[in-house]
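J.: Before we start, here is the structure in question, set down as structure tokens.
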Amino acid sequence: MYESIENFSEVVPLLLTLVCAFAGYAAGRLARRPKRRTVRRSARRILAALALAAVVALGEAAFVAGMWTHGWPFAANRVVVALPPVVAAAVAVAVMSVPRLARVVRGARREADAPPGHTLRAAAGDPRLVVPVQSAAVAALLCFYTVFALRPVPPYTGDVLAVDGAFAVAVVALWLRQVRRLRRDTPPRIAARLLRAVTVLGVVVLLLAGYVAQGLRASRLPAHYDMGTSTVVDDGMTGMRMAGEESVPHVSVADLTGDTAGTPDETFTLTARRARIRLGSGRTANVWAWNGQVPGPELVVHEGDLVQVTVRNHVPGIAVSAHWHGLDVPNAEDGVPGVTQNAVRKGGSFVYRFRVHQVGTFWYHSHQQAFDQVDRGLFGALVVLPKGERRPVGDITVVAHYWKALGGVVTLGRADTRTTRVVRPGTRVRLRLVNTSSENVDDTAPPEFGLTGTAFRVAAIDGTDLHEPGLLVSGTRVALGAGGRADLTFTMPDHAVRLTDLVGPRASLVLSPGGTDVPTPPVARGPLFDPTHYGTPAPTPFGADSRFDRRFTLTLDDGPGFYDGRFLFRPTIDGHVFPDTPMLMVRRGDLVEVTFVDRGHNDHPMHLHGHHALVLRHDGRPVTGSPWWTDTLDVRPGETYTVAFRADNPGIWMDHCHNLRHAKAGMIMHLGYEGVTTPYRAGSATGNQPE
Ligand code: C2O
Ligand code: CU
């Protein structure tokens, strides 16, 4: 709904521009009409066009009002920046142009075939008649440019000055031009007009070409960059400044390893290799896979374990890393090339060591050229069981992946079709659902999963248990953005249960009480699970009423622009793309509040490394059910989320959209702790490409 309103509100100003341009052109030529009859006809046409323009403008106002119903941040750039010139022009047209046009129509009524007399000419060429109509066209064009391309973000001061200034200059120029035209009795010759038109066109084309060339060049990513210093920071208190200006003792990312003394409780080796895998349907595919498996081997560890993972790379031509998605490990173990380590080249290795303090469903993936590498198979699940517990039989991990590299195949585990698994009735089942996709099939909404055949509970989100989760009816759909996890629990009934990836419903997991000839439940078509009012409240270390040390508001949007030498529709954070996105700067111990406003057309699963955030509000309304902790929060167009976290894990942490196509197009920012520096460098010349 929001996206369609937004789309209309972007296109309607273009329509308004066309209508007003027609009226403005006709108004400029009105005084040169050869006969009274043609003057009259033209004046009437202008009036009709203006009436149409009024209707179109009211339509735009209605769309902006529609966006406003989602909250002021969704309409602010239009109300504050884009619309004032349009309103000013409309008022001028109404009080200056329209009465004069009506008078011209009346005055031209007599002796229709006679040439217009001097008075009629003067009235028809009056700048007070002509210029408001022409400036309406300019205002509409500026409005279109503002909402479609400029897309201002708060504070709007600079944009208001620029847009209103441009409008004022245009009005003055049009006025002077009309006065000059009026003074000249004979219109310029056709050749002179043609020459002028060609010159104007030439200048416009040249300016445009220069703008594009400069934009493409300036958008090239630097070959080297240092996330510790070469970035603008937002400290959530005083505004923007450069990183590295803090007067606190410096500490290197490389030293933020946590306590890793002792013998590891669990040791794994993950080797990235090229592999040819066979999917459930028999289809084969060439992938990059951890230990030759897709998904990679499931790493099962226990709370409190010291885990050691050696990552090796046997894939020629690429470097890799491993990031422990959702595990709040010490910064040096986070696996982000160019920030926390150097990427592992072919033949190389890297040893990760960290102690696990969480329990739940997580996953791991390469964070080097992540869009491509995750898409092609370098991902796997990671499950942390409570201390001392054995894994129950009904505890099943389901890794869901949408393979762009394989032309859009959807798999659950290795299966791209229906698979059946026997589960005895009465078994307590926990389906650990992980969405490892590199991007969403639908850019405007997260994919959904449906469970039919039994009522169930969502026991955990992003690896954190929910408090007293209620029973959901069979057929309930659960949305899960890329990178997100949900644990679904139920007691196995004496008939089949079906989990379906609703994006590619061919991929289903059927749990059968025995045999394969039981009737399969239908695909889910029930209500959509809403985590904001689910379960019951429980104590949290902080909440909506806490005193926050830092507050940030991030406007997510998308529009046309340049990125890394290309012109594309790019997702933006506060109007910027990486590395120009501001680094959120905090101090250890701070309580931080972040509000996400998704003002654009696309859905963004926002993932913060190294921390878990408590969701406080959704669309301004408090979360009333169970505390909802997240590491990958899906924010849809038209939505606002406010989250809070404690800055208790020093480092330089990526905070990015886990629709990795968006991350690759610049939707990356960092959370930085004052004084933390990195010895690593990212950029094309360094071999480290964390996106
Ligand atoms: Cu799942 Cu920055 O990653
Ligand atoms: Cu995104």
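J.: So if each residue of separation counts as 0.36 nm, and I subtract the Cα-Cα distance between residue 172 and residue 68, what length gain in nm does that give?
T.: 34.2 nm
J.: Using packing as a proxy for protection, rank 301-312, 336-347 so that the peptide with the highest average count of other Cβ atoms within 10 Å comes first.
T.: Sorting 301-312, 336-347 by mean packing, highest first, produces 336-347, 301-312.
J.: Relative to the longest principal axis of the chain, what angle (0 to 90°, nearest 10) does the C-alpha long axis of helix 36-68 take?
T.: 20 degrees
J.: Provide the percentage of antiparallel DSSP beta bridges, counting only those with both residues in the chain; round to the nearest 5.
T.: 70 percent
J.: Now, a different point. Once you have the Cα-Cα distance between residue 417 and residue 286, take 0.36 nm times their residue separation minus that, and quote the gain in nm to one decimal.
T.: 45.3 nm
J.: Another one. Bin width 10 Å, origin at 0, all Cα-Cα pairs of the chain: what percent of pairs per bin?
T.: Answer for the chain: a P(r) of 3, 13, 21, 21, 15, 10, 8, 5, 2, 1, 0 percent.
J.: What is the Cα centroid distance between region 561-598 and region 273-327, reported in whole angstrom?
T.: Region 561-598 and region 273-327 have Cα centres separated by 30 Å.
J.: Which ³J(HN,Hα) values, rounded to whole Hz and listed in residue order, are derived for region 142-154 from phi using the Karplus coefficients 6.51, -1.76 and 1.60 in 6.51 cos²θ - 1.76 cosθ + 1.60 with θ = phi - 60°, glycine and proline given as x?
T.: Per residue, the Karplus-derived 3J(HN,Hα) values read 4, 4, 4, 4, 5, 6, 8, 10, 5, 6, x, 10, x Hz.
J.: Which whole-number value in Å² is the accessible area per residue of the chain, probe 1.4 Å?
T.: 42 Å²
J.: Kindly express, to the nearest 10 degrees and within the range 0 to 90, the angle between helix 98-107's C-alpha long axis and the longest C-alpha principal axis of the chain.
T.: Helix 98-107 and the main axis of the chain meet at about 30 degrees.
J.: Then there's this: Show me, for region 269-276, the HN-Hα J-couplings you get by feeding each phi into the Karplus relation (A = 6.51, B = -1.76, C = 1.60, θ = phi - 60°), rounded to Hz, glycine and proline as x.
T.: Values per residue, Gly and Pro as x: 10, 10, 10, 6, 9, 7, 8, 10 Hz.
J.: Roughly how many nanometres apart are two label points built 7 Å out from the Cα toward the Cβ at residue 357 and residue 266?
T.: Taking the two extended label points, one gets 1.8 nm.
J.: Please list, or write none, the lysines whose alpha carbon is within less than 25 Å of the alpha carbon of residue 664, excluding same-chain residues fewer than 8 places away.
T.: Counting by Cα, and skipping residues close in sequence, residue 664 has these lysines nearby: 346, 404.
J.: For labels at residue 549 and residue 118 in the simple 7 Å Cα→Cβ model, what's the distance in nm?
T.: Computed distance between label sites residue 549 and residue 118 equals 8.1 nm.
J.: Treat region 586-691 as a sphere of radius equal to its Kirkwood radius over Cα pairs and apply Stokes-Einstein at 37 °C in a medium of 0.692 mPa s; give the translational diffusion coefficient in µm²/s, rounded to a whole number.
T.: 219 µm²/s
J.: Ignoring ligands, DNA and RNA, what percent of the accessible area of the chain is carbon or sulfur (1.4 Å)?
T.: 58 percent
J.: Check residue 380: other-chain or 5+ apart residues with amide H under 5 Å from its amide H, H built from backbone geometry?
T.: 296, 364
J.: What do you get for the angle between helix 2-29 and the principal long axis of the chain? Use alpha-carbon atoms, 0 to 90 degrees, nearest ten.
T.: 20 degrees
J.: How big is the antiparallel share of DSSP beta bridges in region 519-653, given as a percent to the nearest 5?
T.: 80 percent
J.: Report ³J(HN,Hα) in whole Hz for each residue of region 456-465, in order, from the Karplus equation J = 6.51 cos²θ - 1.76 cosθ + 1.60 where θ = phi - 60°; Gly and Pro get x.
T.: Result, ordered by residue: 8, 10, 8, 7, 8, 10, 6, x, 10, 5 Hz.
J.: Provide the convex hull volume over Cα atoms per residue for region 248-372, in Å³.
T.: Cα-based convex hull of region 248-372, divided per residue, equals 125 Å³.
The values are calculated or read from the model by the stated rules, or taken from the named source; none is laboratory data. Quick caveat, the model's predicted, so the values are computed rather than measured. Counting neighbours? That spans all protein chains shown, and the Cβs are built from the backbone with ideal geometry, glycine included. In case anyone asks, the SASA skips ligands and DNA or RNA and just uses the protein heavy atoms, side chains included. Shrake-Rupley method; radii C 1.70, N 1.55, O 1.52, S 1.80 Å.
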